[in-house]
Amino acid sequence: MSMPSERFLVVDDDDVFRGVLKRALSKRGYQVLDAPDVETALALAQQCQEHHEEILWASIDLKMQQASGLTLIEPLLALHPQCRMVMLTGYSSIATAVEAIKLGAVNYLCKPADTQEILAALAHPEANPETEVAEQPPSVNRLTWEHIQKVLQEHEGNISATARALGMHRRTLQRKLQKRPVRQ
C-alpha cells in the first residue's frame, strides 16, 4: 500500500501507542509525523502544506485531553484534500462513528487496533456486505450509553444541555459519562 516517503500523520495523546504505531509505520516505509493533540497536528499539517508536502494518510484518536479528534478532520482535509483518515477510539459509539464519516474520515476503528488493522481500514473504506450481523442485539445498557453519546454530540459536548435534553440531573449524567462504555 505504501510508496517510500508517503506521509502518515499519527495523532494520539497516548505517548506509548503513538510511539509504537510510528515505529511500525516507519518500518513499512512511511514518513511518519506524530502529534499528541489537535493543535500540534494542525501545525504539522500547515508546515507540510507550506513546503508542498502532501499528507496522504492519518490515524486520529477521537478522545484526547484538549480537543476531540473530530475537530481535526475538516481542517486537515482543507489543507490536504487527498488525505485518507481513520478515526480510532476506545469509546466507540454509533453517533461518533457516523459523525467521523460525515466529516470526512474514511473509516472508524475501536481500540485496541494494530498497525495492520489501521492500514486495512484505510485501504478498504467501502462497506462490506459480508460483515457478520451480531447474533445478540446490544444490551439495554449499551443502547442507553450510545443514546447518551448521541445526545451529547448533538449538544456539542455541553453536559448541562445534554442532561436537560435527557431529563436527568447533571451530576447523574456526569457519573454515567465517567464510566467506561458498556460492552456490546
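When Rg and Dmax of the Cα atoms in Å is calculated for this entry, the matching label among (i) 16.4, 45; (ii) 17.4, 54; (iii) 15.6, 49 is (ii). Summary value for the chain: 16 percent relative contact order, contacts being C-alpha pairs under 8 angstrom separated by 6+ residues. The distance from the alpha carbon centre of the range 141-166 to that of the range 63-109 is 19 Å, rounded to a whole number.
The 3J(HN,Hα) values that the Karplus relation (6.51, -1.76, 1.60; θ = phi - 60°) gives for the range 33-47 are, in residue order, 9, 9, 9, x, 7, 5, 4, 5, 4, 5, 5, 5, 5, 5, 4 Hz. Gly and Pro appear as x.
Between the beta carbons of Asp114 and Arg142, assuming R0 = 25 Å, the FRET efficiency works out to 0.55 to the nearest 0.05. The C-alpha atoms of the chain define a longest principal axis, and helix 94-103 lies at about 40 degrees to it. Residue separation of Lys179 and Ile159 scaled by 0.36 nm, minus their Cα-Cα distance, works out to 5.7 nm of gained length. Here r is the Cβ-Cβ distance between Lys63 and Ser5 and R0 is 22 Å; the resulting FRET efficiency, rounded to 0.05, is 0.10.
Using the Cβ-Cβ distance between Glu74 and Ile94 with R0 = 22 Å, the FRET efficiency computed as 1/(1 + (r/R0)^6) comes to roughly 0.60.
Read-outs throughout are calculated quantities, based only on the coordinates presented, and are distinct from any laboratory measurement. In this text the structure is predicted, and so the values were computed from the model without any measurement. With ideal geometry, Cβ positions are generated from the backbone for all residues, glycine too; neighbour counts draw on all protein chains shown.
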